[in-house]
Amino acid sequence: MFRGFSFLLGFVACLWLTGCGSGSGLRVKDTTRTFRTVVIDAGHGGKDNGANRRYGGTEKTATLDVATRLEQKLRESEFKTVMTRSSDTFISLDKRAAISNRQKNAIFVSIHFNDSRRRGIRGIETYYHSPVARTLAYRIQEQLVTLPGATNRGVKTANFRVLRKARYPAVLVECGFLSNRKEGAKARSAVYRDELADKIAEAIVDQRYGKGTYHSPPATTDAAATTSEHGE
């Protein structure tokens, strides 16, 4: 009798927190079918370069360019967008999460590139923390690995601060390894960065409105990427 009652209390608490087992203590609202705002987080920035590799360059530059392209595509799909940073500035992890949490009816997408001491390691992977973000993470990963030559490293859970502090569905995308010769070279390409942004945008639109609803806008010009590179 006592054990059954304790189990019931635990189950109710699990439902209340939504992301049961996350250990964050936050109540994560499932907005994956209703969101109108996408918070786009360009990883690193300012004094935080992120990875900095011979083949792929500086991570903070690549993330900002992909994030900027993603914002443009989502705006054309009539979403409200919020950038945690739109220039080479340092934003703390807590502030990034806070920016997202201030929005209404939102999701959070953090853009990163990976790094390894082993240059042969390559591939794209997507992380989530709360169970409510699982479908969004899988949808983004499934789109990204359709890119020619992409290696699928899968969808994984992680306790990253920007994910565990989010009150909305939040994912973090690792768009490839800057330390890998081929993927690093791709990360320097304006064309490839636009393709990454396009696949993420397609996944987000499909998540909200159903598969096949995304209409890809014209690719952003190389001039936009050049401006971003020099600005970083």
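Got at least one residue in segment 217-232 being at pLDDT 95 or above, assigned to a helix (DSSP H, G or I), small (Gly, Ala, Ser) and surrounded by 15 or more Cβ atoms within 10 Å (Cβ to Cβ)?
Taking every residue of segment 217-232 in turn, none turns out to be at pLDDT 95 or above, assigned to a helix (DSSP H, G or I), small (Gly, Ala, Ser) and surrounded by 15 or more Cβ atoms within 10 Å (Cβ to Cβ).
Please go through (1) closer than 30 Å to Arg181 by Cα; (2) within 13 Å of the chain's Cα centre (by Cα); (3) not acidic (Asp, Glu) for Asn152 and return the number of the only condition it doesn't satisfy.
(2)
Cβ-Cβ under 6 Å, sequence separation 6+ or interchain: first residue in segment 13-39 and of a type in the set (A, V, I, L, M, F, W, C) and crowded, with 18+ Cβ neighbours inside 10 Å, partner in a loop (DSSP other than H, G, I, E, B) and at pLDDT below 95. Which pairs?
Val28/Thr18; Val28/Gly19
Report yes if some residue within segment 152-172 is out of contact with any His (no Cβ under 7 Å at 6 or more places or on another chain), polar (S, T, N, Q) and under 18 Å from Val66 (Cβ atoms); otherwise report no.
No, the conditions are met nowhere in segment 152-172.
Quick check on Phe90: is it touching a His at 6+ places or on another chain (Cβ under 9 Å) and surrounded by fewer than 24 Cβ atoms within 10 Å (Cβ to Cβ)?
Considered against the rule, which asks whether it is touching a His at 6+ places or on another chain (Cβ under 9 Å) and surrounded by fewer than 24 Cβ atoms within 10 Å (Cβ to Cβ), Phe90 comes out as yes.
On the basis of being over 16 Å from the mean Cα position of the chain (by Cα), surrounded by fewer than 23 Cβ atoms within 10 Å (Cβ to Cβ) and without any contact (Cβ under 8 Å) to a residue 12 or more places away in the chain, does Arg53 make the cut?
So Arg53 does not fit the description; no.
Let's see how each residue does on (1) outside any loop (DSSP other than H, G, I, E, B); (2) modelled with pLDDT under 95; (3) of a type in the set (D, E, K, R); (4) under 12 Å from the mean Cα position of the chain (by Cα):
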position: Leu147; (1), (2), (3), (4): no, no, no, no
position: Arg167; (1), (2), (3), (4): no, no, yes, no
position: Leu172; (1), (2), (3), (4): yes, no, no, yes
position: Cys175; (1), (2), (3), (4): yes, no, no, yes
position: Ser179; (1), (2), (3), (4): no, no, no, no
position: Ala197; (1), (2), (3), (4): yes, no, no, yes
position: Val205; (1), (2), (3), (4): yes, no, no, no
position: Gly212; (1), (2), (3), (4): no, yes, no, no
position: His215; (1), (2), (3), (4): no, yes, no, no
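Mind telling me which of the residues Phe113, Phe90, Phe108 ends up being in contact with a helix residue (DSSP H, G or I) (Cβ under 7 Å, 6 or more places away or on another chain), modelled with pLDDT of 95 or more and under 26 Å from Tyr55 (Cβ atoms)?
The conditions single out Phe113.
So which pairs qualify, if the first residue must be in segment 91-106 and in contact (Cβ under 8 Å) with a residue 12 or more places away in the chain, the second must be surrounded by fewer than 16 Cβ atoms within 10 Å (Cβ to Cβ) and assigned to a helix (DSSP H, G or I), the Cβ gap must be under 6 Å, and the two must be at least 6 apart or on different chains?
Sorted first by the residue in segment 91-106, then by its partner, the pairs are Leu93/Arg161.
So how many residues does segment 156-211 have that are touching a strand residue (DSSP E or B) at 6+ places or on another chain (Cβ under 7 Å) and either closer than 19 Å to Glu59 by Cα or surrounded by 19 or more Cβ atoms within 10 Å (Cβ to Cβ) (or both)?
Residues that pass the stated criteria total 24.
Can you go through Arg119, Arg96, Arg102 and tell me which one is within 22 Å of Arg27 (Cα to Cα) and surrounded by fewer than 22 Cβ atoms within 10 Å (Cβ to Cβ)?
Matching residue, one of Arg119, Arg96, Arg102: Arg102.
Considering segment 138-169 alone, what residues qualify as being more than 12 Å from Val109 (Cβ to Cβ) and among the charged types (D, E, K, R)?
Selection gives Glu142, Arg153, Lys156, Arg161, Arg164, Lys165, Arg167.
Select from segment 72-102 the residues that are of a type in the set (A, V, I, L, M) and assigned to a helix (DSSP H, G or I) and write down the one among them that is nearest to Ile204 (Cα to Cα).
Filtering segment 72-102 for residues that are of a type in the set (A, V, I, L, M) and assigned to a helix (DSSP H, G or I), the one nearest to Ile204 (Cα to Cα) comes out as Leu74.
The values are calculated or read from the model by the stated rules, or taken from the named source; none is laboratory data. Just so you know, these numbers come straight off a predicted model, no measurement behind them. Glycine also receives a Cβ, built like all others from the backbone with ideal geometry; neighbour counts cover every protein chain displayed.
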